[in-house]
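Engineer: Quick one: this structure, given as structure tokens, is what I'll be asking you about.
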Amino acid sequence: MGEAIDRNVLKDLADLQEEGEPDIVEDIGGIFLAHAPAKIDAIAEAASKGDLKVLERAAHSLKSSSAYVGAMRLSAMCRELEERARSGSVDEPAAKAELLRQEFLRAKAELEQEIQRRKVNARRS
């Protein structure tokens, strides 16, 4: 299945790091990890209710933040869900929401691992 986080995106993000500032990957990744579960829950709830407008908005929001931290597969899944919700043709929305949740969990584990690695390396410096 491949990696859930594109390390090149994290490298590009790290290249924006300013000296003396908190670790940008840890900060941005932490914000994503703090807010994404609520977005996933909103997607699941909208899917269970058949609320395509809320589903579209929540998928759009998660799509953008996922791409920013390198969760490209999750972002692509959100883009597809967003587009289908906009067009009014979401087959098995609850199943799609669950697949999204599973992909988020994969991305979360990899991102947490990367943040931890960066913390350890920072302590060594």
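Engineer: Looking only at the range 1-38, which residues are surrounded by fewer than 16 Cβ atoms within 10 Å (Cβ to Cβ), of a type in the set (A, V, I, L, M, F, W, C) and part of a loop (DSSP other than H, G, I, E, B)?
Structural biologist: 1, 16
Engineer: When you look at residue 41, is it closer than 19 Å to residue 119 by Cα and either surrounded by 18 or more Cβ atoms within 10 Å (Cβ to Cβ) or out of contact with any Ser or Thr (no Cβ under 9 Å at 6 or more places or on another chain) (or both), yes or no?
Structural biologist: Judged against the criteria, residue 41 is not a match.
Engineer: On the given criteria, is residue 21 under 20 Å from residue 93 (Cβ atoms) and more than 17 Å from the chain's Cα centre (by Cα)?
Structural biologist: Judged against the criteria, residue 21 is not a match.
Engineer: Please count how many residues of the range 60-93 are charged (D, E, K, R), out of contact with any Asp or Glu (no Cβ under 9 Å at 6 or more places or on another chain) and either under 12 Å from residue 4 (Cβ atoms) or not in a loop (DSSP other than H, G, I, E, B) (or both).
Structural biologist: Result for the range 60-93: 2.
Engineer: Then there's this: Considering each residue of the range 71-125, count those that are touching a residue at least 60 places away in the same chain (Cβ under 8 Å) and either among the polar types (S, T, N, Q) or under 21 Å from residue 11 (Cβ atoms) (or both), and give that number.
Structural biologist: Within the range 71-125, the first condition is being touching a residue at least 60 places away in the same chain (Cβ under 8 Å), and the residues that meet it are 71-74, 100-101, 103-104, 106-112, 114-115, 118-119, 122.
Narrowing further to those that are either among the polar types (S, T, N, Q) or under 21 Å from residue 11 (Cβ atoms) (or both): 71-74, 106-112, 114-115, 118-119, 122.
Number satisfying all stated conditions: 16.
Computed from the coordinates by the stated procedures, all read-outs in this text should not be read as laboratory data. Since the structure is predicted, the reported quantities are computational estimates derived from the model, not experimental observations. Please note: Cβ atoms are built from the backbone with ideal geometry, for glycine as well, and neighbour counts cover all protein chains shown.
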